[in-house]
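Asker: Provided herewith is a single structure, encoded as structure tokens, for subsequent inquiry.
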Amino acid sequence: MIPLRIGVMGLGTVGAGVFQVLERNSGEIARRTGRGLQVTQVSRRNLDAARELVGDRATVVADPHAIATSPDIDVVVELIGGTTLARDLVLLALRHGKHVVTANKALLAVHGEEIFGEARRLGLTVSFEAAVAGGIPVIKMLREGLSANRISWLAGIINGTTNFILTEMRDRGLPFADVLQEAQRLGYAEADPTFDIEGVDAAHKLALMGAIAFGMPVQFDSVYVEGITALHSQDIRYAGQMGYRIKLLGIARRRDDAGGVELRVHPTLVPEKCLMASVEGAMNAVMVQGDAVGTTLHYGKGAGSEPTASAVVADLVDIARLASAAPEHRVPSLSFQPDALQNLRVLSIDEVVTAFYLRLVVADRSGVLADITRILAAHDISLDAVRQRESSHGEQQTDLVVLTHETIESALRAALKDIQALPSVLQPVVALRKEELA
Ligand code: NDP
Ligand code: HSE
């Protein structure tokens with residue numbers, strides 16, 4: 001059988017990994033697919049660097065549009081990133097009859113509906129395993145492995161850069177900026193690292209996972225997003241003293257009681273004894289709760305050259321096997337049949353139900369704690385634990401750390417407004433969400 005002819009657009013961290021993995025494992029891959037997978041054209045701006053990597057094994061093309069339109073290419077792999085040029089190239093490639101593989105979560109979170117629609121219209125496939133959680137096959141797991149289940153929630157550490165930063169800050173006391181620089185050097189961070197640290201990259205991935213888990217259109221704009229830039233090191237320390245780790249989680253939860261779903265990304269306290277707490281460095285993990293399977297956990301490298309290439313190449317293998325399947329018999333991009341997607345409402349953050357960690361800097365005098373607990377009780381918020389911590393602000397002040405039981409966010413916000421108005425509360429209250437992931 002003739003080899004699948006692949007054009008790779010973008011030959012950076014991931015693109016170079018794809019080329020290397022396909023070369024190194026070509027024999028093993030051909031044993032699986034029954035046909036070769038051959039990169040025949042590549043494109044990057046730095047043509048010399050491209051030639052240095054591929055030698056005479058592939059043609060180096062200056063303009064990626066030439067790959068998208070080439071009659072000699074069966075599958076285009078988009079690894080340039082961003083949402084403008086990448087969108088044009090992907091649509092162009094589809095319109096020239098090529099299947100597409102991409103690792104670009106931003107592209108699919110923002111333009112997914114258009115791109116999946118166009119692929120469907122043309123009977124082609126857009127595969128994106130590498131777009132979520134790097135080398136962990138979470139898309140395949142949600143789309144195929146768990147397709148018997150009604151999924152009630154999933155929660156994931158889905159950004160390697162921020163997990164790396166949080167781990168290094170806690171374990172080695174390193175400053176935020178230094179660790180971010182190291183993550184960039186290691187090739188984990190996005191071209192614009194604010195996407196990582198402000199939670200946007202995780203929100204892109206969560207929008208895709210939510211769509212596949214619940215059978216709804218990709219709704220990136222409705223995801224609630226908080227990153228890690230406002231996190232204080234003393235909260236990481238206090239959380240540790242109370243048996244919790246702080247992780248940037250992406251959470252998607254079905255809320256039949258409220259007629260919708262929660263889609264949210266924010267720093268979250270998780271119990272130290274929970275497996276998610278031990279996911280360190282650039283590793284990713286996704287927990288999924290299905291009604292038949294129960295709780296499952298999927299763990300692995302969430303970023304980096306070859307781990308991400310592993311997912312891209314797996315998509316290429318699937319495409320090489322597609323030849324004999326009619327488009328209507330292929331696995332749908334979002335797992336559910338396109339006409340069976342439901343327009344589920346994404347709940348506002350006010351409607352989210354979760355427990356909280358609160359840190360208050362208060363005047364160190366009697367009656368303060370009583371005032372705070374009275375306000376929380378008035379808003380129907382019950383307490384799980386209260387600790388007093390020595391403040392670094394002097395003897396007249398103390399840090400109070402309060403863990404609440406689950407409450408609706410609007411009640412917590414109303415209570416915080418009243419608490420903040422107390423003269424004994426000296427600084428803005430820190431509120432972080434807490435999940436037991438049970
Ligand atoms: P890099 O910045 O390392 O690579 C981007 C590549 O695109 C470079 O080779 C660059 O060429 C090329 N490129 C940029 N503009 C053009 C253009 N106009 N024409 C041709 N080539 C161009 O990015 P990554 O490999 O890290 O990421 C690629 C994609 O994979 C992104 O969507 C990212 O979100 C995603 N991803 C990345 C992961 C990672 O761990 N890095 C993990 C999972 C997904 P040149 O350098 O010569 O300018
Ligand atoms: N910047 C991303 C991360 C790359 O740090 O997780 C993988 O998607």
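Values in this text are rule-based calculations from the coordinates and carry no lab data. Remember, predicted model here, so these are calculated numbers, not experimental data. Neighbour counts are summed over all protein chains in view; Cβ atoms, including those assigned to glycine, are modelled from backbone coordinates with ideal geometry.
Asker: Relative to the compact globular guide of 2.2 N^0.38 Å, what is the alpha carbon radius of gyration of the range 117-200, as a ratio?
Answerer: Cα Rg divided by the expected 2.2 N^0.38 Å: 1.42.
Asker: Under 14 Å from the Cβ of TYR299, count the other residues' Cβ atoms, weight Lys and Arg +1, Asp and Glu -1, and hand me the total.
Answerer: +1
Asker: Could I ask something else about it? Using just the Cα positions, wrap the range 226-375 in a convex hull and report its mean projected area in square nanometres, one decimal place.
Answerer: If you wrap the Cα atoms of the range 226-375 in a convex hull and average its projections, you get 13.9 nm².
Asker: Assign one of three labels to the range 300-400, namely rounded, prolate or oblate, based on the Cα gyration tensor with a ≥ b ≥ c the square roots of its eigenvalues; rounded applies when a/c is under 1.5, prolate when it is not and a/b is larger than b/c, and oblate otherwise.
Answerer: In terms of gyration-tensor shape, oblate.
Asker: Right, here's the next one. Mind putting a number on the dipole of the chain about its Cα centre? Charges go on the C-beta only, +1 for Lys and Arg and -1 for Asp and Glu, and I need it in Debye to the nearest 20.
Answerer: It comes to approximately 800 debye.
Asker: Quick check on packing: order 111-117, 341-347 by the mean number of other C-beta atoms within 10 Å, highest mean leading.
Answerer: My ranking of the peptides, most packed first, is 111-117, 341-347.
Asker: Would you compute, for the Cα atoms of the range 203-253, the largest minus smallest coordinate along each principal axis and list the three values in descending order, in whole Å?
Answerer: Extents along the principal axes: 40, 21, 12 Å.
Asker: Give the residues of the range 278-309 whose amide nitrogen is closer than 17 Å to a point set 7 Å from the Cα of SER26 in the direction of its Cβ.
Answerer: none
Asker: While we're looking at this one, here's another question. Would you mind giving the average projected area, over all directions, of the Cα convex hull of the range 355-428 in nm² with one decimal?
Answerer: Computed as one quarter of the Cα hull surface, the answer is 4.4 nm².
Asker: Please report, to two decimal places, log10 I(q)/I(0) for the range 1-124 at q = 0.14, 0.19, 0.22 Å⁻¹ as given by the Debye formula with identical point scatterers on the Cα atoms and no solvent.
Answerer: Summing over Cα pairs of the range 1-124 leads to -0.58, -1.04, -1.31.
Asker: OK, next. Identify, among LEU53, GLY250, LEU360, the residue whose Cα sits farthest towards the positive end of the charge dipole of the chain, taking +1 on the Cβ of Lys and Arg and -1 on the Cβ of Asp and Glu, with the dipole about the Cα centre.
Answerer: The one lying farthest along the dipole's positive direction is LEU53.
Asker: Now for a different question. What whole-number distance in Å separates the alpha-carbon centres of the range 335-357 and the range 266-328?
Answerer: The range 335-357 and the range 266-328 have Cα centres spaced 20 Å from each other.
Asker: Please rank ASP371, ASP201, ASP221, fewest neighbouring Cβ atoms within 10 Å first, as an exposure proxy.
Answerer: The fewest-first ordering by Cβ neighbours comes to ASP221, ASP371, ASP201.
Asker: Report, for the chain, the % of DSSP beta bridges that are antiparallel, rounded to 5.
Answerer: In the chain, approximately 70 percent of DSSP beta bridges are antiparallel ones.
Asker: Same structure, new question: What base-10 log of the normalised intensity I(q)/I(0) is obtained for the chain from the Debye formula, alpha carbons as equal point scatterers, at q = 0.11 Å⁻¹?
Answerer: So the normalised log intensities are -0.85.
Asker: Report the extension gain between SER147 and VAL353 in nm, rounded to one decimal, defined as 0.36 nm multiplied by the number of residues separating them, less their alpha carbon distance.
Answerer: Contour length minus Cα-Cα distance gives 71.5 nm.
Asker: Give the angle, between 0 and 90 degrees and rounded to the nearest 10, that separates the Cα long axis of helix 85-95 from the longest principal axis of the Cα atoms of the chain.
Answerer: Approximately 40 degrees, to the nearest 10.
Asker: Please report, in whole Å, how far the alpha carbons of the range 54-168 spread along each principal axis, starting with the longest.
Answerer: 44, 38, 26
Asker: Sticking with this structure for a sec: Consider all pairwise Cα distances in the range 257-296 and report the whole-number % of them above 16 Å.
Answerer: The calculated P(r) of the range 257-296 puts 57 percent of pairs beyond 16 Å.
Asker: While we're here: For the chain, find the longest principal axis of its Cα atoms and tell me its angle to the long axis of helix 13-24, 0 to 90°, nearest 10.
Answerer: Computed tilt is about 50 degrees.
Asker: Specify which residue in the list ALA106, ILE73, HIS96 is farthest towards the positive end of the charge dipole of the range 70-128, using unit charges on the beta carbon of Lys, Arg (+1) and Asp, Glu (-1), about the Cα centre.
Answerer: Going by the charge dipole, the pick is ALA106.
Asker: Oh, and also: Report, in degrees rounded to the nearest 10, the 0 to 90 angle that the Cα long axis of helix 305-320 makes with the longest principal axis of the chain.
Answerer: It works out to around 50 degrees.
Asker: Would you list, by chain and number, the lysines whose Cα falls below 19 Å from the Cα of LYS205, excluding same-chain residues fewer than 8 positions away?
Answerer: LYS105, LYS140, LYS247, LYS301
Asker: Could you tell me the center-to-center distance, by alpha carbons, between the range 80-124 and the range 11-49 in angstrom?
Answerer: 20 Å
Asker: What translational diffusion coefficient, in µm²/s and rounded to a whole number, does the Stokes-Einstein relation yield for the range 101-159 at 25 °C and a viscosity of 0.890 mPa s, taking the hydrodynamic radius as the Kirkwood radius over Cα pairs?
Answerer: The diffusion coefficient I find is 192 µm²/s.
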